[in-house]
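Asks: The following block contains the structure, expressed as structure tokens.
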Amino acid sequence: MIKYKHIERQIKKRLYFDAYKSLISEGFSFSLNNIVTCFPKLNSIQIYMFLMYTISKKETIEKYIAICENLLYINPYIEDSYSLISWHLREALKFFPKNITIEHWIVDIFWGNPDSPFTNQELYQYAADILEENPNDELASHIIKHY
């Protein structure tokens, strides 16, 4: 059984290798919900730095989305976080081209958002990719009809 308080202290001290090794050995899921539940005293900067370390070890869709959700929802907020979020998502799509999970996250968060870092053309293409995989997706259908 993992001792999360001990790992939380390791992350706060930036002992990422040790924390990562412990979590991987237990099959830890790197979703943001899991991270904030297991490590409630970490702030967004600490979570971001640790997740960046974990991505350097192994890139996964789950980690990219956790980074973006952290930047979007967790305090302290980072000014112009949309620039970082879009950069991470574009990097994720380079590593995982046309990944429906990533593309759906993008359209879900940024469709209709006037501050979106993604163009309407990009959102349309992501919606088209989603519909290829899931023809009944309501949001993707709405985007295609609207555009």
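Asks: Kindly indicate which of Ile102, Ile47, Ile35 is modelled with pLDDT of 95 or more and over 23 Å from Lys3 (Cβ atoms). Before you say what the answer is, go through the steps one by one.
Replies: Values: Ile47 fails: over 23 Å from Lys3 (Cβ atoms); Ile35 fails: over 23 Å from Lys3 (Cβ atoms).
Just a single option satisfies the conditions, and that option is Ile102.
Asks: Return the pair list, or none, for Cβ contacts closer than 8 Å from residues in the range 72-84 that are more than 15 Å from Val36 (Cα to Cα) and free of Cβ contacts under 8 Å to residues at least 60 places away in the same chain to residues that are open to solvent by less than 60 Å² (accessible area, probe 1.4 Å) and in a loop (DSSP other than H, G, I, E, B), at least 6 apart or on different chains.
Replies: Correct list of pairs: Tyr82/Ser116; Tyr82/Pro117; Ser83/Pro117; Leu84/Ile78.
Asks: Here's another thing I want to ask about it. Return the total of residues in the range 95-147 being over 19 Å from the mean Cα position of the chain (by Cα) and in a loop (DSSP other than H, G, I, E, B).
Replies: 8
Asks: If I go through the range 67-94 residue by residue, how many of them are surrounded by 14 or more Cβ atoms within 10 Å (Cβ to Cβ) and either among the basic types (Lys, Arg) or not in a helix (DSSP H, G or I) (or both)?
Replies: 3
Asks: Please go through the range 13-55 and pick out each residue that is open to solvent by 30 Å² or more (accessible area, probe 1.4 Å), of a type in the set (Gly, Ala, Ser) and not in a loop (DSSP other than H, G, I, E, B).
Replies: Within the range 13-55, Ser22, Ser25 meet the criteria.
Asks: Next up: What residue, among those in the range 114-141 that are in contact (Cβ under 8 Å) with a residue 24 or more places away in the chain and open to solvent by 70 Å² or more (accessible area, probe 1.4 Å), is nearest to Cys68 (Cα to Cα)?
Replies: Among those residues, the one meeting the criterion is Asp115.
The values are calculated or read from the model by the stated rules, or taken from the named source; none is laboratory data. All values reported here derive from a predicted model rather than from experimental measurement. Positions of Cβ are backbone-derived with ideal geometry, glycine not excepted, and every protein chain shown enters the neighbour counts. Surface areas here come from the heavy atoms of the whole protein model, side chains and all, with no ligands, DNA or RNA. Shrake-Rupley method; radii C 1.70, N 1.55, O 1.52, S 1.80 Å.
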